[in-house]
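S.K.: For reference, the structure I am asking about is given below.
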Amino acid sequence: MRLEGKVATVTGAGRGIGRACAIQFASEGAKVLVSDINKEEVEETAQIINELGGSSEFCICDTGNQKDCRNMVENAVASFGRLDIHLNNAAVLIVKKFLDFQIEDWNQVLRVNLTGFFLAGQAAARKMVELGNGGSIINMSSINAVLAIPDILPYVVSKGGVNQLTKVMALSLINDRIRVNGIGPGSIATDMVKQVMGTNSLREKILSRTPIGRLGHPDEVASLAVFLASEESSYITGETIYMDGGRMALNYTVPVET
Ligand SMILES: NC(=O)c1ccc[n+]([C@@H]2O[C@H](COP(=O)([O-])OP(=O)(O)OC[C@H]3O[C@@H](n4cnc5c(N)ncnc54)[C@H](O)[C@@H]3O)[C@@H](O)[C@H]2O)c1
């Protein structure tokens, strides 16, 4: 088991990629404190892990709230005695035309997707420094950190910020043996992508820019998260690794069955 004896915290672990990562962390031997704003869903994630023979507790954490972030970290240490891995994952998306975006939309998205990553990441890092065992922090970025979809402006901006946050955290924490890396997924089959996909024509559009010919699966993202959480990635820090079925390599479109 690649994460035996480790303790992890995961934000936005109620469903989708966060849940898949929490489950794989546990299946590799980590004890996992899962958090989300949705109590029913995050409680279910913890239950799934425990039923699979892993060890998990849950808590409510709105990542835009500093007190919640500190509580999440304290909860992990109170439950499992240490903290080695933190995954910043919780994010939201609002779809609108650029001219229609309101300041409230902007603030709502940036609060969770960027401020939330800073607050939860800093709370986790402070605890790791205090405990002195080093650690691995992973920021869930996106290919939208470097490519752009015009109708999701604050999301795109937030992910660009996350990449820079990853670099600054990595450099700041290097002497404490805490590595910080990002994962930049393409289109992964979760509720968030369904929100963007909506119609068949949009599905076609997305797949026509996806050489591998299908959406990614949350478990495929979780495999990379396990690698970054483990000692196998011991010389990687400050990096964002993209996994997008070939999209960023492509300078055209590919045919799609309709
Ligand atoms: N699905 C994709 O194609 C894709 C692609 C690139 C990046 N990502 C990134 O992966 C991460 C997970 O995305 P997903 O597709 O699983 O999304 P999702 O919408 O399925 O899940 C997001 C989770 O975050 C929780 N959440 C929302 N606001 C929160 C808050 N304030 N505090 C705590 N939790 C909150 C939700 O309750 C939900 O459980 C996000 O950072 C997203 O930007 C996803």
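Read-outs throughout are calculated quantities, based only on the coordinates presented, and are distinct from any laboratory measurement. Here the structure is a predicted model, which is why all the values come from computation and not from measurement. Cβ placement follows ideal geometry from the backbone for every residue including glycine, while neighbour counts extend to all protein chains displayed.
S.K.: Quick one: the Cα spread of the chain along its three principal axes, in angstroms, biggest first?
M.R.: For the chain, the Cα extents along the three principal axes come out at 51, 39, 37 Å.
S.K.: For Ile149 and Arg126, compute 0.36 nm times the residue count separating them, minus their Cα-Cα distance, and round to one decimal in nm.
M.R.: Between Ile149 and Arg126, full extension yields an extra 4.8 nm.
S.K.: With the contact rule set at Cα under 8 Å and sequence spacing of 6 or more, what percent relative contact order holds for region 121-258?
M.R.: Across region 121-258, relative contact order equals 30 percent.
S.K.: Tell me whether region 94-238 comes out rounded, prolate or oblate; compute the Cα gyration tensor, take square roots of the eigenvalues as a ≥ b ≥ c, and use a/c under 1.5 as the rounded threshold.
M.R.: Verdict is oblate for region 94-238.
S.K.: Counting alpha carbon pairs within less than 8 Å and at least 6 residues apart, what relative contact order, in whole percent, applies to region 124-194?
M.R.: Over region 124-194, the number comes to 42 percent.
S.K.: How large is the charge dipole for region 163-258, taken about the Cα centre, if only the Cβ atoms of Lys, Arg (+1) and Asp, Glu (-1) carry charge, to the nearest 20 debye?
M.R.: Roughly 300 debye for region 163-258.
S.K.: Using the structure shown, list the pairs from Lys6/Lys127; Lys39/Lys159; Lys127/Lys159; Lys39/Lys167; Lys127/Lys167 with a Cα-Cα distance above 21 Å, or answer none.
M.R.: Lys39/Lys159; Lys127/Lys159; Lys39/Lys167
S.K.: Here's something else I'd like to know. Which trypsin sites (Lys or Arg not before Pro) in region 188-232 sit in a loop by DSSP (not H, G, I, E or B) and have at most 14 other Cβ atoms within 10 Å of their own Cβ?
M.R.: Arg214
S.K.: State, as an integer percentage, the relative contact order of the chain based on alpha-carbon contacts under 8 Å between residues 6 or more apart.
M.R.: 19 percent
S.K.: Follow-up. May I ask you to sort Tyr155, Tyr242, Tyr252 by Cβ crowding, counting other Cβ atoms within 10 Å and putting the fewest first?
M.R.: With the fewest neighbours first, Tyr155, Tyr242, Tyr252 line up as Tyr252, Tyr242, Tyr155.
S.K.: Test of understanding: ordering Ser187, Ser79 by Cβ neighbours within 10 Å, fewest first, what list do you get?
M.R.: The fewest-first ordering by Cβ neighbours comes to Ser79, Ser187.
S.K.: Could you compute the longest span of the chain free of GluC sites (Glu not before Pro) located in DSSP loops and having at most 14 other Cβ atoms within 10 Å, not counting the site residues?
M.R.: 5-256
S.K.: Something else about it: Using the number of other C-beta atoms within 10 angstrom as an exposure proxy, rank Val112, Val193 with the fewest first.
M.R.: Ordered from fewest to most neighbouring Cβ atoms within 10 Å, Val112, Val193 come out as Val193, Val112.
S.K.: Which residues' amide hydrogens lie under 5 Å from the amide hydrogen of Met243, considering only partners 5 or more residues apart or on another chain, with H built in the peptide plane?
M.R.: For Met243, whose amide H was placed from the backbone, the distant partners under 5 Å are Gly184, Gly186.
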